[in-house]
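Below is one structure; the comments refer to it alone.
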Amino acid sequence: MEALKTTNRDAEVEVLAWQNLQPGLTRTFEVPLTEALLDQFAACSGDINPLHMDAEEARRRGFEGRVAHGMLLGALLSRLVGCHLPGRNALLLASQFKFNRPCVAGETVRVEGRIDSLSEATQTVSLSVRFLVKGEPRAGATALAKVQK
């Protein structure tokens with residue numbers, strides 16, 4: 001995906017040891033929701049609903065422009081877990097989303113993740129995630145990730 005390209009992918013993947021994880025630990029990043037990114041996600045997912053593909057159609061239906069796919073935010077949650085918090089040694093096990101208001105092409109979404117709790121017994125981390133545009137919450141999620149020692 002264009003907005004996620006980098007020359008050195010390993011430089012973007014954090015390696016946090018289990019002992020360094022703690023409730024309250026946070027990570028954030030921002031992603032511009034470009035027309036190209038929405039096109040690439042539509043091609044990958046096969047979801048070519050006109051709300052996602054045609055700005056005029058989306059406006060006729062009461063939206064500000066092309067609506068970003070909800071699961072594009074899901075992919076950003078996966079990026080958060082696998083690259084930042086907990087990072088390289090994590091595998092996303094579960095997630096639950098609540099969408100407040102759509103994100104649209106041309107906006108920049110800020111992804112904010114926070115560790116809520118850890119389970120030593122199961123080597124899992126529970127996270128809360130917010131998706132914001134100009135400080136306004138557009139969606140929220142909870143996630144559970146397995147962390148290898």
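The values are calculated or read from the model by the stated rules, or taken from the named source; none is laboratory data. All values reported here derive from a predicted model rather than from experimental measurement. Heads up, the Cβs are rebuilt from the backbone with ideal geometry, glycines too, and the neighbour counts pull from every protein chain shown.
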Looking only at the range 24-64, count every residue that is of a type in the set (Lys, Arg) and in contact with a Gly (Cβ under 9 Å, 6 or more places away or on another chain) and tell me the total. 2
Do you know which of the residues in the range 9-37 that are in contact with a helix residue (DSSP H, G or I) (Cβ under 7 Å, 6 or more places away or on another chain) and at pLDDT 95 or above is nearest to ARG114 (Cα to Cα)? ARG27
Quick check: is even one residue across the range 65-74 at pLDDT 95 or above, assigned to a loop (DSSP other than H, G, I, E, B) and touching a Gly at 6+ places or on another chain (Cβ under 9 Å)? yes
Matching residues, the range 15-45, being touching a Lys or Arg at 6+ places or on another chain (Cβ under 8 Å), more than 30 Å from THR122 (Cα to Cα) and not aliphatic (A, V, I, L, M): GLU30, GLU35
Go through (1) among the small types (Gly, Ala, Ser); (2) closer than 16 Å to GLU30 by Cα; (3) in contact (Cβ under 8 Å) with a residue 24 or more places away in the chain for SER78 and report which single condition fails. (3)
Please specify each residue of the range 95-149 satisfying the condition of being in contact (Cβ under 8 Å) with a residue 60 or more places away in the chain, not in a strand (DSSP E or B) and not acidic (Asp, Glu). CYS103, ALA105, GLY106, GLN123, LYS149
Filter the range 45-64 for residues that are in a helix (DSSP H, G or I) and either surrounded by 13 or more Cβ atoms within 10 Å (Cβ to Cβ) or among the basic types (Lys, Arg) (or both) and give the result. SER45, PRO50, LEU51, HIS52, MET53, ALA55, GLU57, ALA58, ARG59, ARG60
Among the candidates SER78, SER126, which residue alone is surrounded by fewer than 19 Cβ atoms within 10 Å (Cβ to Cβ), farther than 22 Å from ALA36 by Cα and touching a strand residue (DSSP E or B) at 6+ places or on another chain (Cβ under 7 Å)? SER126
